[in-house]
Amino acid sequence: MEKYHQIWFAFGTLALLAVSALADDVVVLTEDNFEKEVGQDRGALVEFYAPWCGHCKKLAPEYEKLGSSFRKAKTVLIGKVDCDEHKGVCSKYGVSGYPTLQWFPKGSLEPKKYEGPRTAEALTEYVNTEGGTNVKIAAVPSNVAVLTADNFNNIVLDETKDVLVEFYAPWCGHCKNLAPTYEKVATAFKSEEDVVVANLDADKHKDLAEKYGVSGFPTLKFFPKGNKAGEDYEGGRDLDDFVAFINEKSGSSRDGKGQLTSKAGIVESLDALVKEFVAAGDDEKKAVFSQIEEEVEKLKGSAARYGKIYSKAAKNCMAKGDYAKNEIERLQRMLQKTISPAKADEFTLKKNILSTFA
């Protein structure tokens, strides 16, 4: 069993890395891969940045839009280097401030510094000129729900939804810095039907801002299912801070990339019974199975859905001794294929629950 869990953990790690790589159209460059990716058979625009840098955060949404635009361009690479982690690379190319943008021509590791405007439009024009491409700006859809006076009550005061709202002003620098992180929060929870990540232009809708006591920007308020008066969000403003907050408040189990964690689908009361079930002899399993079914009947909401998976798994384990192990292996193979986010969630939930039987 120990060997099996090691294999399962390794697979999960590889799957997560693969999904993370696919989730970003900007290539992450490191000490190990820089010269394998840059200076080869395509030109490269590279951003040298630091995670704490305000100007870098402001550039981030524009640079991600650029990456999306050139995603299918075979002769151009859009990359980035975290200079806090990879000081050697940044020092080698004379980086002394952040962000620094450098163009590396095809087949060359001799860059020239980009000095133009830091907008997706200006960067696209520059890369097209240097790289000999003719790429148009990609329209990147947002997963943040845009609130107005017309839809505010329908969305925010919906008692079936947990809603995080950012009250912002278009001219606010801190709001602009928060924007790329906030978009990632919305993307991470886009598959959660009862979670909404939204924003409101408080400059345009002053009456709503005043109604909820907003006096500075950005102001973040959380409107849970059970408290539509709203409560102030006073946590950190990094992606992981927001994700942890929403998971705790909503009972969800997402990571920063929107993938379900290993805790997703696990019901503590059933987990305890499964341990008894696994340890029980063949004659005793039926009695524990009856207890599992009784507990499943008590569950409500999403827990009730997870409970049905527990019940079915226990039934199949009694019929086929190696069911959990074989089914997890099958699900792992399925997760390696190109499948919809909904299917990925379905298979991950089932795999998490089956792992308690293995």
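The values are calculated or read from the model by the stated rules, or taken from the named source; none is laboratory data. Predicted model, so just to flag it, every value in this text is computed and none were measured. Methodologically, a virtual Cβ is constructed for each residue, glycine included, from the backbone with ideal geometry; neighbour enumeration extends over all protein chains shown. For accessibility, only protein heavy atoms count, side chains too; no ligands or nucleic acids. Shrake-Rupley method; radii C 1.70, N 1.55, O 1.52, S 1.80 Å.
All Cα-Cα separations within segment 268-356 were binned at 10 Å from zero, giving a P(r) of 16, 48, 29, 7, 0, each value a whole percent of the pairs. Here Lys57 is the anchor, and the aspartates and glutamates within straight C-alpha reach of less than 17 Å, apart from those fewer than 8 places off in the same chain, are Asp24, Asp25, Glu47, Asp82, Asp84, Glu85, Glu183, Asp238, Asp240, Asp241.
The charge dipole of segment 268-356, taken about its Cα centre with unit charges on the Cβ of Lys, Arg, Asp and Glu (plus for the first two, minus for the last two), comes to roughly 540 debye. Note on segment 278-310 and segment 116-193: Cα centroid distance 43 Å, given to the nearest whole angstrom. Contact order, relative form, for segment 226-358: 25 percent (alpha carbon pairs under 8 Å, 6 or more residues apart, mean separation divided by residue count). Take every Cα pair under 8 Å whose residues are at least 6 apart in sequence, average their separation, divide by the length of segment 27-131, and the relative contact order is 39 percent. Stretching Arg71 away from Glu31 to a fully extended chain increases their span by 12.2 nm, per 0.36 nm per residue minus the current alpha-carbon distance.
Counting only Cα atoms, the size of segment 145-250 along its three principal axes is 30, 28, 21 Å, in decreasing order.
Computed from backbone phi with θ = phi - 60° and the Karplus coefficients 6.51, -1.76 and 1.60, the 3J(HN,Hα) list for segment 342-358 is 5, 5, 4, 4, 4, 5, 5, 4, 5, 5, 4, 5, 5, 5, 6, 8, 7 Hz; x is used for glycine and proline.
Note down the magnitude of the dipole of the chain about its Cα centre, charges +1 on Lys and Arg C-beta and -1 on Asp and Glu C-beta and zero elsewhere, to the nearest 20 debye. Working shown, then result.
Working: 49 positive and 55 negative charges, 193 e Å.
The dipole of the chain has a size of about 920 debye.
Bridge orientation summary for the chain: considering DSSP beta bridges with both residues in this region, about 45 percent are antiparallel.
Summing -39500 (n - 2.57) over the DSSP H runs of n ≥ 4 in the chain and dividing by its residue number, what mean residue ellipticity at 222 nm do you reach, to the nearest 500 deg cm²/dmol? It would help to have the intermediate numbers written out before the result.
Working: 14 runs with 173 residues, N = 358.
Roughly -15000 deg cm²/dmol at 222 nm, from the helical runs in the chain.
The aspartates and glutamates whose alpha-carbon is closer than 16 Å to the alpha-carbon of Lys315, local same-chain residues fewer than 8 away aside, are Asp271, Glu276, Asp282, Asp283, Glu284, Glu293, Glu294, Glu295, Glu297, Glu327. Here the 3J(HN,Hα) profile of segment 247-255, calculated from phi with Karplus coefficients 6.51, -1.76 and 1.60 at θ = phi - 60°, is 4, 5, 6, 9, x, 7, 9, 10, 9 Hz, Gly and Pro shown as x. Find which of Val296, Leu260, Pro105 sits farthest along the positive direction of the dipole of the chain, computed with +1 on the beta-carbon of Lys and Arg, -1 on that of Asp and Glu, about the Cα centre. The listed residue farthest towards the positive side: Pro105.
Karplus-derived 3J(HN,Hα) values for segment 40-54, using 6.51 cos²θ - 1.76 cosθ + 1.60 with θ = phi - 60°, are 9, 9, 7, x, 9, 9, 10, 9, 9, 9, 10, x, 8, 6, x Hz; glycine and proline are entered as x. Per-atom-type breakdown for the chain gives carbon and sulfur 50% of the accessible area (1.4 Å probe, protein chains only). Model label sites at Asp207 and His174, defined 7 Å from Cα along the beta-carbon direction, differ in position by 2.7 nm.
With an 8 Å Cα cut-off and a minimum separation of 6 or more residues, compute the relative contact order for the chain in percent.
That works out to 13 percent.
Using a simple spin-label model with pseudo-atoms 7 Å out from Cα toward Cβ, Thr119 and Lys343 lie 4.1 nm apart.
Where Rh is the Kirkwood radius over the Cα pairs of the chain, the temperature 4 °C and the viscosity 1.567 mPa s, what D in µm²/s does Stokes-Einstein return? Could the numbers behind the result be given before it?
Details: Rh = 23.4 Å.
It diffuses with D of about 55 µm²/s by this estimate.
For the listed residue pairs Lys275/Lys312; Lys65/Lys87; Lys176/Lys257; Lys58/Lys337, the alpha carbons are over 24 angstrom apart in Lys65/Lys87; Lys58/Lys337. Taking all protein chains into account, the per residue accessible area for the chain stands at 54 Å² (1.4 Å probe). Take the Cα of Lys92, go 7 Å toward its beta carbon, and the backbone nitrogen atoms of segment 32-53 under 11 Å from that spot belong to 32-39.
Candidates Gly307, Ile78, Leu239 compared by Cα position along the dipole of the chain: farthest toward the positive end lies Ile78, with charges placed on Cβ. Out of the GluC sites (Glu not before Pro) in segment 88-145, which ones are loop residues according to DSSP with at most 10 other C-beta atoms within 10 Å? For GluC sites (Glu not before Pro) across segment 88-145 that sit outside H, G, I, E and B with at most 10 neighbouring Cβ atoms in 10 Å, the list reads Glu115.
Note on Asp271 and Lys315: their simple-model spin labels are 2.5 nm apart, each label 7 Å out from Cα toward Cβ.
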